[in-house]
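Report on the following structure.
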Amino acid sequence: MTKTRPLDGIRVIDFSRVLAGPLVGQILGDLGADVIKIERPGHGDDTRTWGPPWKNYAADDEPEDLEATYYMAINRNKRSIVLNLKDGGDIAFARRLALTGDIVLDNFKPGFMAQLGLDRASLAADKPDIITATVTAFGGDTGAAHLPGYDLAVQGMSGIMHLTGEVGGRALRVGVPIVDMLTGYNTTVGVLAALHERGQTGVGRHVEVSLMDAGLAALLNHQTGVLMGGQNPGRGGNRHYSIAPYESYTCADGDIIVAAANDKLYAGVCRVIGRPELIDDPRFVTNTIRRQNLEELNEILEPAFAANTRAHWIAKLRDEDVPCGPINSLREALDWAIDMGMEPIFTGSDGYQAVRNPVRIDGEVISEGKRPPRLGEHTDEIRAEVDTWGDRS
């Protein structure tokens, strides 16, 4: 993407680390903001050491030369400065730096930024238009505000793991840090809303999203079922709680997904397996009835799909416009997206590659930019620049 980006001219001072907060910074950086990542001396962001896997790992690499691909996934389009937030001089510089920014981002425990004079109230006294954004585990002023939290803990506490796994089996975590990611995405929405409002009022806002709030919100239809439908569902494997057939099926050479979310699509499935009489079968004639009689329906569908290959069934299902597809490995998923011209790869210097930001603007993807910074790579540069910037109050 070579055109001016939407957030060109916006500066983000990012004190966050690990995943949810840095994801916000990365998204804003992808969109054009100048994101300055504050890191502690010595080791920097925890995720720098969260390997394997490592970028370009070789047996004779020294530990300090290793770069965890986890860190590299969520820190592109940023600059890194090392500051010791236990040192008075560095704290004073951090405040000067913050006052040059439009957005200050953190995910420390509640109260920590206020102790440093870097919270919204302290900064807004000198810069009313500043926007601050905080990611917390359980909220900044709740009964659980003092508790630490990571994605895995909140996957369990929010109910997400309760729904994930086979019927009668153990609760399982989702295969990606879904709570962290949803927290990051929701925080980004809040920041962009505050930025838009600031353009109208000239006044900033404080945005807060907790892992727990994001986890609960992710349950959507499940929680409305609890609140208004009297339900408290458990694990259902790959089956949908409300729709049928909407799950995985095993073919002769692997599994596929079949997502027949309405009666028309169900009719397509019936034609594909050569059983058109099932369309009007009173046991399956509506979605509600199909879901009630899913075991009977699957006694028909499962052996039908098992009789042929994934490619055979996918071709036939797509002829009927039934949403379907193979269950791909990570490499297979990337290769397919590349083959389809979806341009999924973001590239930077030093051989950096990652999956790009999914947003397209005027048809263009954000596929190039700065690789994630090395620890403190821009410390001298930023210290010199602050003297020329002044604050933006």
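Kindly indicate whether any position in the range 54-61 is under 19 Å from residue 26 (Cβ atoms) and out of contact with any Lys or Arg (no Cβ under 8 Å at 6 or more places or on another chain).
Here is the first cut: in the range 54-61, the ones under 19 Å from residue 26 (Cβ atoms) are 55.
Still in the running and out of contact with any Lys or Arg (no Cβ under 8 Å at 6 or more places or on another chain): 55.
So far as the range 54-61 goes, yes, one or more of its residues are under 19 Å from residue 26 (Cβ atoms) and out of contact with any Lys or Arg (no Cβ under 8 Å at 6 or more places or on another chain).
For the range 165-213, what are the residues that are in contact with a Gly (Cβ under 6 Å, 6 or more places away or on another chain) and part of a helix (DSSP H, G or I)?
179, 198, 211 - these are the residues of the range 165-213 that are in contact with a Gly (Cβ under 6 Å, 6 or more places away or on another chain) and part of a helix (DSSP H, G or I).
Search the range 1-48 for residues being among the β-branched types (Val, Ile, Thr) and more than 18 Å from the chain's Cα centre (by Cα), and hand back the single one that is surrounded by the most Cβ atoms within 10 Å (Cβ to Cβ).
Narrowing the range 1-48 to residues among the β-branched types (Val, Ile, Thr): 2, 4, 10, 12-13, 18, 24, 27, 35-36, 38, 47.
If we keep only those that are more than 18 Å from the chain's Cα centre (by Cα) too, we end up with 2, 4, 10, 12-13, 35-36, 38.
Working: 2: 6, 4: 9, 10: 20, 12: 23, 13: 28, 35: 30, 36: 25, 38: 25.
It comes out as 35.
Could you please give the count of residues in the range 334-374 that are more than 25 Å from residue 3 (Cα to Cα) and in a helix (DSSP H, G or I)?
Keep residues of the range 334-374 that are more than 25 Å from residue 3 (Cα to Cα), which gives 334-336, 339, 374.
Applying the additional criterion that residues be in a helix (DSSP H, G or I) yields 334-336, 339.
Residues in the range 334-374 being more than 25 Å from residue 3 (Cα to Cα) and in a helix (DSSP H, G or I): 4 in total.
Taking the range 239-248 only, how many residues are surrounded by fewer than 21 Cβ atoms within 10 Å (Cβ to Cβ) and assigned to a loop (DSSP other than H, G, I, E, B)? Spell out how you get there, then give the answer.
To start, the set of residues in the range 239-248 that are surrounded by fewer than 21 Cβ atoms within 10 Å (Cβ to Cβ) comprises 239-243, 247-248.
Next, only the ones that are assigned to a loop (DSSP other than H, G, I, E, B) stay: 239-243.
Result for the range 239-248: 5.
Among (1) modelled with pLDDT of 95 or more; (2) touching a helix residue (DSSP H, G or I) at 6+ places or on another chain (Cβ under 7 Å), there is one condition residue 54 misses while meeting the rest; what is its number?
All conditions are met except number (1).
Got a sec? Which of 363, 341, 325 is among the small types (Gly, Ala, Ser), out of contact with any Gly (no Cβ under 6 Å at 6 or more places or on another chain), under 30 Å from residue 102 (Cα atoms) and modelled with pLDDT of 90 or more?
Details: 341 fails: under 30 Å from residue 102 (Cα atoms); 325 fails: under 30 Å from residue 102 (Cα atoms).
So the residue among 363, 341, 325 that is among the small types (Gly, Ala, Ser), out of contact with any Gly (no Cβ under 6 Å at 6 or more places or on another chain), under 30 Å from residue 102 (Cα atoms) and modelled with pLDDT of 90 or more is 363.
State the number of residues belonging to the range 114-134 that are crowded, with 23+ Cβ neighbours inside 10 Å and either more than 15 Å from residue 205 (Cβ to Cβ) or hydrophobic (A, V, I, L, M, F, W, C) (or both). Break it down into steps so the answer makes sense when it comes.
Here is the first cut: in the range 114-134, the residues crowded, with 23+ Cβ neighbours inside 10 Å are 118, 123, 130-134.
With the extra rule that they be either more than 15 Å from residue 205 (Cβ to Cβ) or hydrophobic (A, V, I, L, M, F, W, C) (or both), the set shrinks to 118, 123, 130-131, 133.
Number satisfying all stated conditions: 5.
Please return the ranges of helices (runs of 4 or more DSSP H) entirely within the range 66-153 where 2 or more residues are closer than 28 Å to residue 371 by Cβ and under 23 Å from the mean Cα position of the chain (by Cα). Please lay out each step first, then the result.
Working: elements: 69-73, 88-98, 112-115, 120-124.
Because the criterion is at least 2 residues that are closer than 28 Å to residue 371 by Cβ and under 23 Å from the mean Cα position of the chain (by Cα), the helices (runs of 4 or more DSSP H) in the range 66-153 that meet it are 69-73.
Just wondering, is there one or more residues in the range 375-391 that are in a loop (DSSP other than H, G, I, E, B), surrounded by 15 or more Cβ atoms within 10 Å (Cβ to Cβ), touching a Ser or Thr at 6+ places or on another chain (Cβ under 7 Å) and on the phi > 0 side of the Ramachandran plot?
Step one: of the range 375-391, the residues in a loop (DSSP other than H, G, I, E, B) are 375-378, 390-391.
Next, only the ones that are surrounded by 15 or more Cβ atoms within 10 Å (Cβ to Cβ) stay: 375-378, 391.
Still in the list and also touching a Ser or Thr at 6+ places or on another chain (Cβ under 7 Å): 375-378, 391.
Then drop every residue that is not on the phi > 0 side of the Ramachandran plot, which leaves 376.
Checked against the condition, which is being in a loop (DSSP other than H, G, I, E, B), surrounded by 15 or more Cβ atoms within 10 Å (Cβ to Cβ), touching a Ser or Thr at 6+ places or on another chain (Cβ under 7 Å) and on the phi > 0 side of the Ramachandran plot, the range 375-391 yields at least one hit.
For the range 129-188, which residues satisfy the criterion of being within 18 Å of residue 241 (Cβ to Cβ), out of contact with any Lys or Arg (no Cβ under 6 Å at 6 or more places or on another chain) and of a type outside the set (A, V, I, L, M)?
Answer for the range 129-188, where residues must be within 18 Å of residue 241 (Cβ to Cβ), out of contact with any Lys or Arg (no Cβ under 6 Å at 6 or more places or on another chain) and of a type outside the set (A, V, I, L, M): 158, 159, 162, 164, 166, 168, 169.
Identify, please: which residue in the range 72-110 is touching a residue at least 12 places away in the same chain (Cβ under 8 Å) and of a type in the set (Gly, Ala, Ser) and is, among those, surrounded by the fewest Cβ atoms within 10 Å (Cβ to Cβ)? Lay out the reasoning, then the answer.
Going through the range 72-110, the residues touching a residue at least 12 places away in the same chain (Cβ under 8 Å) turn out to be 72-85, 91, 93-110.
This time we only want the ones that are of a type in the set (Gly, Ala, Ser), so: 73, 80, 94, 98, 101.
Values: 73: 16, 80: 22, 94: 22, 98: 26, 101: 25.
Residue satisfying both the conditions and the ranking: 73.
Would you check if residue 27 is modelled with pLDDT of 95 or more, assigned by TED's automatic domain parsing to the domain that holds residue 181 and assigned to a strand (DSSP E or B)? Working first, answer last.
On the way: modelled with pLDDT of 95 or more: yes; assigned by TED's automatic domain parsing to the domain that holds residue 181: yes; assigned to a strand (DSSP E or B): no.
No: the conditions fail for residue 27.
So if I check each of 68, 33, 59, which one is assigned by TED's automatic domain parsing to the domain that holds residue 189, modelled with pLDDT under 95, under 27 Å from residue 383 (Cβ atoms) and not hydroxyl-bearing (Ser, Thr, Tyr)?
Going through 68, 33, 59 in turn, the sole match is 68.
Pull up the range 311-331, narrow it to residues that are exposed (fewer than 13 other Cβ atoms within 10 Å of the Cβ) and of a type in the set (Asp, Glu), then point me to the one that is nearest to residue 248 (Cα to Cα).
Our first condition is that a residue be exposed (fewer than 13 other Cβ atoms within 10 Å of the Cβ); within the range 311-331, this holds for 315, 319, 321, 329-331.
After this cut, where a residue has to be of a type in the set (Asp, Glu) as well, the list is 319, 321.
Details: 319: 19, 321: 17 Å.
Filtering the range 311-331 for residues that are exposed (fewer than 13 other Cβ atoms within 10 Å of the Cβ) and of a type in the set (Asp, Glu), the one nearest to residue 248 (Cα to Cα) comes out as 321.
(1) crowded, with 16+ Cβ neighbours inside 10 Å; (2) within 29 Å of residue 189 (Cα to Cα); (3) free of Cβ contacts under 8 Å to residues at least 24 places away in the same chain; (4) touching a helix residue (DSSP H, G or I) at 6+ places or on another chain (Cβ under 9 Å): which one isn't true of residue 69, the others all being true?
Looking at each condition in turn, residue 69 falls short on (4).
For the condition in contact (Cβ under 8 Å) with a residue 24 or more places away in the chain and touching an Asp or Glu at 6+ places or on another chain (Cβ under 6 Å), what is the one hit in 134, 183, 164?
On the way: 183 fails: touching an Asp or Glu at 6+ places or on another chain (Cβ under 6 Å); 164 fails: touching an Asp or Glu at 6+ places or on another chain (Cβ under 6 Å).
Sole residue among the options that is in contact (Cβ under 8 Å) with a residue 24 or more places away in the chain and touching an Asp or Glu at 6+ places or on another chain (Cβ under 6 Å): 134.
Looking at (1) more than 16 Å from residue 218 (Cα to Cα); (2) at pLDDT 95 or above; (3) surrounded by fewer than 20 Cβ atoms within 10 Å (Cβ to Cβ), can you tell me which one residue 156 breaks?
(1)
The values are calculated or read from the model by the stated rules, or taken from the named source; none is laboratory data. These numbers were taken from a predicted model, which means no experiment stands behind them. Methodologically, a virtual Cβ is constructed for each residue, glycine included, from the backbone with ideal geometry; neighbour enumeration extends over all protein chains shown.
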